[in-house]
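This report concerns only the one structure given below.
The values are calculated or read from the model by the stated rules, or taken from the named source; none is laboratory data. Note that the structure is predicted; figures quoted are calculated from it, not measured. Neighbour counts run over all protein chains shown; Cβ positions are idealised from the backbone, glycine included. Note: accessible area is taken over every heavy atom of the protein model, side chains too, but ligands, DNA and RNA are not part of it. Shrake-Rupley method; radii C 1.70, N 1.55, O 1.52, S 1.80 Å.
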Amino acid sequence: MSTPPPADSGTTSSEPNVASASPVAAAPAARKEAPPEKPSDARRRSRIIFSFWLIVLLLGLPIWWKTTTIYRADLPLQEMLDWSDGKACRPVFPLRISIRAGALQEQEAQNLLRLTQHALDDLNDFSGHHLRLQLAPPSATASHDPDSVLTIRLAPGDATTAAFDPHEPILDITYPPNAVPSHTASSSPLATYVAGQLRSAFAEEQATISYLLSTNSIPSDHRPQGLAPDVAQSLAKRTTRSLRYAPTYHLTLSLFASGSLPSSWDIERAIADYMKPVLDVLSPIHNFTIDTQVQLYATPGVQSQVLNKEDLSSFINAAEWPLSPSIGGAPTINFVIFVGNQTIAAPGPDADPSRSWLIPQWGAVYLLPLPADTAHVGAATLKQPLLTFTSHLLALTGAPRSGSLPLRLSTLARIRSADLLLRASSTLGSLARLALALPSISIPPRVADGVATTIAHLRLACDSLGTPDGLRHARVAEAEAERAFFEKSMVGQLYFPDEHKIAVYLPLLGPVAVPLIMGLLNEVKAWRRRRKEKADEAKEKKSE
Amino acid sequence: MAAVAKVSPGQAAGLYAAAAALRLAVFAFLPGLSDLLAARVEVSTPVTSFKRLQEGLFLYNHNVSPYDGGVYHQAPLLLPLFSLLPSFAALPLPTDLVYVVLDLLSARAIWRIADSGEAGSSALFTSPRRAKRWSGFVLAAFFLFNPFTLATCLGRSTSAFTTYAVLHAIANAVSGAPLGAMVALAFAGYLSLSPLLLLPPLVLLAYDRRRPAGPAPRSGPAFAAVCAAAVAGVLGALFLLSYLVTGSWEFLPSTYGVQLTLSDLSPNIGLWWYFFVEMFDSFRSFFLAVFWLHLSSYVAGLTLRIRRQPLVVLTLLLGIHGIFKPYPSIADTSLFLALVPLYRHVFPLMRYTFLSASVILYSAFLGPAFYYLWIYAGSGNANFFYAITLVWGLGQSLLVCDLMFAVLRDELEVERPEIVGKEIRQI
């Protein structure tokens, strides 16, 4: 700690030596030279300074090195950037469509297929989304081939008509007998008609996927050109309306009553009857958990009898209604039935006033007028609200609006896998850019593991796009990428520039270092002086 | 009291009886006071708290690992000792008697150290002022009636065990029993880790005071090696015994690990907790190492500088530990203050006695008030309490520096008699 007073004698020895016998008589300016230090004292002082420096050098420095070295796991940065730039994967959706034409000769059917494929290829301008026709084997008994996304059932009829099967992805097309193209024909109205039907059936999916690709940083060479601005706008609107993909959604069905009645509802049967079928068909893509509640004496945020468009957004009384934002980690979709006689202002004089509206990324509200003394809401009364909610649910999950339900769901799966694939890729890119931009951030091994898993699953997802496996892999990839990016120990260091280290080290180590360094400097000085004196002595001896 | 008066056995018995009676009276008639003290942060740290000991004891008696739950951080061998006593909740007297006896034994050790005269005249140095000293009786009384010692005893802090082990080690070393000193030091280190840093000066002290006819080796390095081996052996045996008692090595991270990594950040009168509450996570391990190195760096320097008076080094190191160890309490201060009066002969050379005494008193009174303002009244914040612990540390370091200055000046005056009585000046 403190050195004894004589230790300082070495530093001030250049003062003029005014020897004075009595220190009492000495003027303050006249300083007394300290008597020479004993060699044993000097040696002891060197040893003390040496002991401190030994601890600093042997223990302090290795510990400093060990504890503040930043662990940076090796990340495949180039590969990650390739993924985010879209160089690693070209999203291609090869969609196979079977044609079943029992009434046609093999030759005729082949011919029709060739012509239709030509017509389709002429219409298509987006290579990533490709419809490929194939002839279903006539022996096949199943009405729909599970490998293909759509089966076209051609049957002779009176006129050219097309209709979707409501339960299976089947398009029924009838044709007049004379419409079958001849062997040599290079075009046929029937082929063009079929191609047109197919194109319109997949137009929305194509537009959605091309919109997704265009909003991500996919290079323009296989980005579809000419997405009409109005189409893009409506797609953007729909994308913002739908919820972010999650493997599980939590549905909260609430019955709000302005008075004390109704106090009970037959919601379980209603859900089983009207909602469950759709939830079942959605189950390959999402899981759902459901809870329900009844709230009495609930006051809505807007009291007016007729609700204008502006009122709808403030109808939900967020302050008082117990609608929790999220239960158990899964995002919540709220469906609110409000019992009351309020109505929604009709958009036009002759339009039907609607009873429900959708709140983007949140849920839907249905206004249910009931007689004032209804104590129990039966399942039949709930049919219309629940059917409405079901269609809102499809919109909220991001399903396309047109087409038959089975087709919409398979489209939803493809859109979601493309979405997840792109999102995981861009997260990887962000992580790579972060690792490049902040050389002092630590990258724990968990992050490297997450990145490796993400890339492996992205590769699998990319190879099997359009199939259920593709969705599964894309889902894993996205979850892993998010986990790697939001690694807790990295987030904390995001805003820690190198300059802050001065503020961390200096306040404590600075004051500690000053006596250590000054002591060392004095020692070095004294050692050099001693060496010089020795050399001088040796010289004097020689000269004598 | 300049001359050492002969103390009759009756006076000694009277002193011990008075100290024991005072403690037992408070335990018996003011149980609220001892409960209050047991809950104070100044008395009970996470590694010495009696409340936590009881928690560990309960788990131990129910065949659960005492370290489950992360409350108990004390040495495992305290558990069988306390579980031999009748339950504290049903019959507190035997437990209280243990603490009273520990204090009396500590006082007896101080008495032995004082009577040896080591403070005034060691093997290599004899102070010209040594005649002016206090007797062991006075020092024992100082220790026994020091409010800090009283609070530690009444708060039933287990640091009383460490205090006794350290004092016993010094007393053994002074009276020429190196092996006994090393065993006692191993116990102190086993109980609270930091006393292990006292090993080098204690070995020197034992070496200086060894009996000429004793079995100890003659040469210094061999003596030191034997001493270090004895400490290591006893520590190893204690660890093995702890392993047998608790059935796992879990006690190592839960007791010494907590001291080394400061994983329990509850406030105490030390300087560590606030610093590590504020520290960035990525620098935490580095600064833990810096703090421990800082604490241990004094050993070599002081031992080399005051080689001729190892007891001074021990005293100063105990003072430094009371300031800079991870979980200090007033028990550490009371241990340091118990040894300071040994240097009665250099008190006239100290320059800041008034200042350091007032700073220590000031912070001793304001500390509890600021803690109250922070924790209970809510009108202060953590900075209030931390500021007063800084002042507390300042007061103690003033005392440590001043004592060191006085001892060094005493040594210097022997070398250069012409400076006696003169003011020092930096030249």
Would you say A:VAL514 is under 21 Å from the mean Cα position of the chain (by Cα) and assigned to a helix (DSSP H, G or I)?
no
So, in segment A:41-51, of the ones that are open to solvent by 60 Å² or more (accessible area, probe 1.4 Å) and more than 8 Å from chain B (Cβ to nearest Cβ), which residue ends up modelled with the highest pLDDT?
A:PHE50
Does A:PRO445 satisfy the criteria of being in contact (Cβ under 8 Å) with a residue 12 or more places away in the chain, surrounded by fewer than 16 Cβ atoms within 10 Å (Cβ to Cβ) and closer than 17 Å to A:PHE93 by Cβ?
no
Exactly one of (1) outside any helix (DSSP H, G or I); (2) more than 24 Å from A:SER258 (Cα to Cα); (3) of a type in the set (S, T, N, Q) is unmet by A:THR381. Its number?
(2)
Look at B:ALA89 and say whether it is open to solvent by 50 Å² or more (accessible area, probe 1.4 Å) and more than 16 Å from B:THR158 (Cβ to Cβ).
yes
Selected residue [over 19 Å from B:SER175 (Cβ atoms), part of a helix (DSSP H, G or I) and aliphatic (A, V, I, L, M)] from B:VAL226, B:VAL258
B:VAL258
Segment A:52-84, residues that are open to solvent by less than 50 Å² (accessible area, probe 1.4 Å), part of a helix (DSSP H, G or I), under 25 Å from A:LEU420 (Cα atoms) and in contact (Cβ under 8 Å) with a residue 60 or more places away in the chain:
A:LEU77, A:MET80, A:LEU81, A:TRP83, A:SER84
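Rundown of residues vs (1) over 30 Å from B:SER122 (Cβ atoms); (2) open to solvent by 20 Å² or more (accessible area, probe 1.4 Å); (3) touching a residue at least 24 places away in the same chain (Cβ under 8 Å); (4) in a helix (DSSP H, G or I), yes/no style:
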{"position": "B:VAL203", "(1), (2), (3), (4)": "no, no, yes, yes"}
{"position": "B:LEU241", "(1), (2), (3), (4)": "yes, yes, yes, yes"}
{"position": "B:PRO253", "(1), (2), (3), (4)": "yes, yes, no, yes"}
{"position": "B:LEU288", "(1), (2), (3), (4)": "yes, no, yes, yes"}
{"position": "B:VAL312", "(1), (2), (3), (4)": "no, no, yes, yes"}
For the list (1) within 14 Å of chain A (Cβ to nearest Cβ); (2) surrounded by fewer than 14 Cβ atoms within 10 Å (Cβ to Cβ); (3) touching a residue at least 24 places away in the same chain (Cβ under 8 Å), I need the number of the one condition that B:SER248 fails.
(1)
For segment A:467-489, how many residues are surrounded by fewer than 21 Cβ atoms within 10 Å (Cβ to Cβ) and under 29 Å from A:LEU407 (Cα atoms)?
6
Meets criteria (at pLDDT 95 or above and surrounded by fewer than 20 Cβ atoms within 10 Å (Cβ to Cβ)) for B:LEU105
yes
Of (1) under 30 Å from A:LEU95 (Cα atoms); (2) in contact with a helix residue (DSSP H, G or I) (Cβ under 9 Å, 6 or more places away or on another chain); (3) not small (Gly, Ala, Ser), A:HIS392 fails just (2)
Is it true that some residue in segment B:374-390 is over 18 Å from B:ARG40 (Cβ atoms), within 14 Å of another protein chain (Cβ to nearest Cβ) and not polar (S, T, N, Q)?
yes
Considering each residue of segment A:130-159, count those that are farther than 24 Å from A:SER188 by Cα, at pLDDT below 75 and open to solvent by less than 50 Å² (accessible area, probe 1.4 Å), and give that number.
5
Among the residues of segment A:21-40, are any at pLDDT 75 or above, surrounded by 15 or more Cβ atoms within 10 Å (Cβ to Cβ) and at negative phi?
yes
Failed condition for B:GLY319, given (1) under 19 Å from the mean Cα position of the chain (by Cα); (2) open to solvent by 10 Å² or more (accessible area, probe 1.4 Å); (3) more than 9 Å from chain A (Cβ to nearest Cβ):
(2)
Residues satisfying the stated conditions in segment A:244-271, i.e. assigned by TED's automatic domain parsing to the domain that holds A:PRO371 and among the basic types (Lys, Arg)
A:ARG269
Exactly one of (1) in contact with a Leu (Cβ under 9 Å, 6 or more places away or on another chain); (2) over 24 Å from B:ALA109 (Cα atoms); (3) in contact (Cβ under 8 Å) with a residue 40 or more places away in the chain is unmet by B:TYR16. Its number?
(2)
Filtering segment B:280-308 down to residues that are touching a Phe, Trp or Tyr at 6+ places or on another chain (Cβ under 7 Å) and more than 8 Å from every other protein chain (Cβ to nearest Cβ), which residue is nearest to B:ILE330 (Cα to Cα)?
B:LEU295
Hits in segment B:166-184 (condition: open to solvent by 10 Å² or more (accessible area, probe 1.4 Å) and closer than 15 Å to B:LEU335 by Cα):
B:HIS168
For segment A:85-106, name all the residues that are assigned to a strand (DSSP E or B) and open to solvent by 20 Å² or more (accessible area, probe 1.4 Å).
A:PRO94, A:ARG96, A:ARG100
Subset of segment B:395-427 [within 11 Å of chain A (Cβ to nearest Cβ), more than 21 Å from the chain's Cα centre (by Cα) and open to solvent by less than 40 Å² (accessible area, probe 1.4 Å)]:
B:PHE405, B:LEU408, B:ARG409, B:GLU411, B:LEU412, B:ILE419
Got a sec? Which of B:VAL64, B:VAL41 is buried (at least 18 other Cβ atoms within 10 Å of the Cβ) and not in a helix (DSSP H, G or I)?
B:VAL41
Hey, A:GLY492 surrounded by fewer than 15 Cβ atoms within 10 Å (Cβ to Cβ), modelled with pLDDT under 85 and in contact with a helix residue (DSSP H, G or I) (Cβ under 9 Å, 6 or more places away or on another chain) or not
yes
